[in-house]
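Trainee: First, the structure itself, so that you have it in front of you.
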């Protein structure tokens, strides 16, 4: 039985990856940060019904000793680094924390693997945000990076350190440059989930408006359930490499909102409000990925259309709110 260690296992991607690896017969271990909210931190694992099948270990990306301890205990065949301060807006408010966890944290994991289990295969969660102020209309593995947020800068550091450890120490270390990927497990602070939850609340009479910032920004959105499969495929290859993971389709935030509002027969013009305070200090206007390399070498491609994903998220948020008894009296 193969063993996998997932940092960030309680997040959206970590939960779906854990579910996928369990279906492949893996023993799945997860590293979790000690928190006063520990009683609710595994909500995504519970949502998927796998919380009893994943063994959790206390650790932190900022603490090299804890990572070494966990690696020695687990002796994993594969390590997936999905943990990060991953909310772009918060990275301007907490740039040092973002740099420490999202950037330097990657090096802590790589160094721990080098010292403890150098034969283990490593996956780094890189991000399309690294492209930022795009240098090419369609982004590939060779497109120059131009990060536009502390989060993106930190991700870029982790990305290049992964390349450096691969080339310097011969680690089987790969990076997935993942474009936006969402699901019913996405955090409420991210725009897609903010939209689907907001639309559900309007439908149930709990709210009358949805406030957003720049709705003209364009994104390449896929489903997290599809994207974790690409992560696994990267670590099954004989040679480590970096891959763009994307759908090849970009739409505006406005268009994404329209899908959600239309699904519940709501008038977007009546309920959607633009709030200048929600604009980013430096905007990433458009992202569009070319996953040709992933298709050719991994046999991977996105399978879930944006429309189906947003509708799934809306229905999940309706179900959550109804289960909480959150309807207009």
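Trainee: If I fit a long axis through the Cα atoms of helix 191-203 and take the longest principal axis of the Cα atoms of the chain, what angle between them do I get, 0 to 90°, rounded to 10?
Mentor: That works out to roughly 30 degrees.
Trainee: If a/c stays under 1.5 just call it rounded; otherwise compare a/b with b/c (prolate if a/b is bigger, oblate if not). Do that for the range 1-74, with a ≥ b ≥ c from the square roots of the Cα gyration tensor eigenvalues.
Mentor: Verdict is oblate for the range 1-74.
Trainee: I want to check the label-to-label distance for residue 136 and residue 34. Put each point 7 Å from Cα in the C-beta direction and report it in nm to one decimal.
Mentor: Between residue 136 and residue 34, the label points sit 4.6 nm apart.
Trainee: Something else: Please say if the range 263-329 is rounded, prolate or oblate, where rounded means a/c under 1.5 for a ≥ b ≥ c the square roots of the C-alpha gyration tensor eigenvalues, and otherwise the choice is prolate for a/b larger than b/c and oblate otherwise?
Mentor: Oblate is the answer for the range 263-329, as a/c is 1.5 or above yet b/c matches or exceeds a/b.
Trainee: Kindly express, to the nearest 10 degrees and within the range 0 to 90, the angle between helix 224-234's C-alpha long axis and the longest C-alpha principal axis of the chain.
Mentor: 20
Trainee: Expressed as an acute angle from 0 to 90° and rounded to the nearest 10, what is the orientation of the C-alpha long axis of helix 105-116 relative to the principal long axis of the chain?
Mentor: Orientation of helix 105-116: about 30 degrees from the principal axis.
Trainee: So for the chain: antiparallel DSSP bridges make up what percent, rounded to the nearest 5?
Mentor: Taking every DSSP beta bridge with both residues in the chain, the antiparallel ones total about 5 percent.
Trainee: Further question: Using mean Cβ contacts within 10 Å as the protection proxy, how do 313-320, 277-284, 122-129 order, highest first?
Mentor: My ranking of the peptides, most packed first, is 122-129, 313-320, 277-284.
Trainee: Would you calculate, for the chain, the mean residue ellipticity at 222 nm contributed by helices, counting each DSSP H stretch of 4 or more residues as -39,500 (n - 2.57) and dividing by all residues, to the nearest 500?
Mentor: Calculated from helices alone, the mean residue ellipticity at 222 nm is -12000 deg cm²/dmol.
Trainee: Neighbouring Cβ atoms within 10 Å as the yardstick, rank 160, 300, 221 fewest first.
Mentor: Fewest-to-most ranking of 160, 300, 221: 160, 300, 221.
Trainee: Neighbouring Cβ atoms within 10 Å as the yardstick, rank 304, 196 fewest first.
Mentor: 304, 196
Trainee: Still on this model: Where the centre of each part is set by its Cα atoms, how far does the range 241-316 sit from the range 89-168, in angstrom?
Mentor: Centre-to-centre (Cα) distance: 22 Å.
Trainee: Under the rule a/c < 1.5 gives rounded, and otherwise a/b versus b/c splits prolate from oblate, where does the range 95-223 land using the Cα gyration tensor?
Mentor: prolate
We did not get these values from a lab; they are worked out from the coordinates using the rules stated. Quantities reported herein were computed from a predicted structural model and do not represent experimental measurements. Here the Cβ is made from the backbone with ideal geometry for all residues, glycine too, and neighbour counts use every protein chain on show.
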